[in-house]
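Sharing a structure, written as structure tokens. Questions coming.
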Amino acid sequence: MSTTAGIQVTEFVRALALCWKNLAAYPTGHPSLVKSLEAVDQRLAELRGPAGEVVLGIGSNGLVYGDLKIDSLGAQKFAQALYARGVAVMRMSGETNTHDMEIFLRLLAAGGPKERPRALWDELTARGVVNINLQPVSYAAVRLTEDLEETKEHEGSLWDAVLRAILEVGEDVAGRSVDVDPDFNVDHDSSPSAASCRCRSLGSPGG
């Protein structure tokens, strides 16, 4: 990834974290909040460029953009809030605007899964937000294996393994296979355990 892209995504995440914080202090329409939302919109446009869509992977301790990990304090808090709601990938289309972003950030700040048991992506849809797509992790395509290639080992949780698969394939892992060590910790809510895993894109589960 180019240095420019790295700077752009870092600036976008910084603006996003600041805006998320400002939501707790200002009502809708307040000049300070409007300014924060406009800053997010500007940074998003710069990051998007001609691609039209910005995709962020959600880890338990930071955000992933391409091969770049953003683990600033603001990025960690933002990622942890989404991680707690079961979000693995956040996609922002070229039509994403300040109204969409404000609704999304207010819903995210409204509480965790215990306070708001309804899925965050369903809440967004119910509020009419279609330009921000939140993708959950599905473990349906996970299978255990002992056939692990040493050259393709990774360290991390099963969540991280499935997240890598989603980002590599560019879509949900339905119809794909994620191979993991039989001793792998499959509970994404627990502390990630160090284990070897390998993600493979296949034509069908077990194919």
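The values are calculated or read from the model by the stated rules, or taken from the named source; none is laboratory data. These figures come from a predicted structure and were not determined experimentally. Neighbour counts are summed over all protein chains in view; Cβ atoms, including those assigned to glycine, are modelled from backbone coordinates with ideal geometry.
Give the residue, chosen from 87, 55, that is crowded, with 20+ Cβ neighbours inside 10 Å, β-branched (Val, Ile, Thr) and on the phi < 0 side of the Ramachandran plot. I'd like the intermediate steps shown before the answer.
Details: 55 fails: crowded, with 20+ Cβ neighbours inside 10 Å.
The match here is 87.
Is there any pair linking a residue in the range 76-94 that is not assigned by TED's automatic domain parsing to the domain that holds residue 117 to one that is assigned to a helix (DSSP H, G or I) and surrounded by fewer than 21 Cβ atoms within 10 Å (Cβ to Cβ), with Cβ under 6 Å and at least six apart or on different chains, and which?
If the second residue must be assigned to a helix (DSSP H, G or I) and surrounded by fewer than 21 Cβ atoms within 10 Å (Cβ to Cβ), no pairs are left.
So is residue 101 within 19 Å of residue 12 (Cβ to Cβ) and either assigned to a strand (DSSP E or B) or under 12 Å from the mean Cα position of the chain (by Cα) (or both) or not?
no
List pairs: first residue in the range 35-60 and in contact (Cβ under 8 Å) with a residue 12 or more places away in the chain, second residue among the polar types (S, T, N, Q) and not in a helix (DSSP H, G or I) anywhere in the structure, Cβ distance under 6 angstrom, at least six positions apart or on different chains.
Filtered contacts from the range 35-60: 53/93.
Tell me the residue from 25, 15 that is among the aliphatic types (A, V, I, L, M) and exposed (fewer than 15 other Cβ atoms within 10 Å of the Cβ), please.
Testing whether each residue is among the aliphatic types (A, V, I, L, M) and exposed (fewer than 15 other Cβ atoms within 10 Å of the Cβ) leaves just 25.
Within the range 31-54, is even one residue under 22 Å from residue 122 (Cα atoms) and in contact with a Leu (Cβ under 7 Å, 6 or more places away or on another chain)?
yes
Here is a further query. Within the range 104-131, which residues are within 18 Å of residue 44 (Cβ to Cβ), hydrophobic (A, V, I, L, M, F, W, C) and not in a helix (DSSP H, G or I)?
The answer is 129, 130.
Among (1) modelled with pLDDT under 90; (2) polar (S, T, N, Q); (3) in the same structural domain as residue 30 (by TED's automatic domain parsing); (4) over 20 Å from residue 13 (Cα atoms), there is one condition residue 60 misses while meeting the rest; what is its number?
For residue 60, the failing item is (4).
Could you check the range 1-12 and list, in sequence order, the residues that are at pLDDT 90 or above and exposed (fewer than 15 other Cβ atoms within 10 Å of the Cβ)? Spell out the reasoning first.
Residues of the range 1-12 at pLDDT 90 or above: 7-12.
Of everything in the range 1-12, just one residue is at pLDDT 90 or above and exposed (fewer than 15 other Cβ atoms within 10 Å of the Cβ), namely 7.
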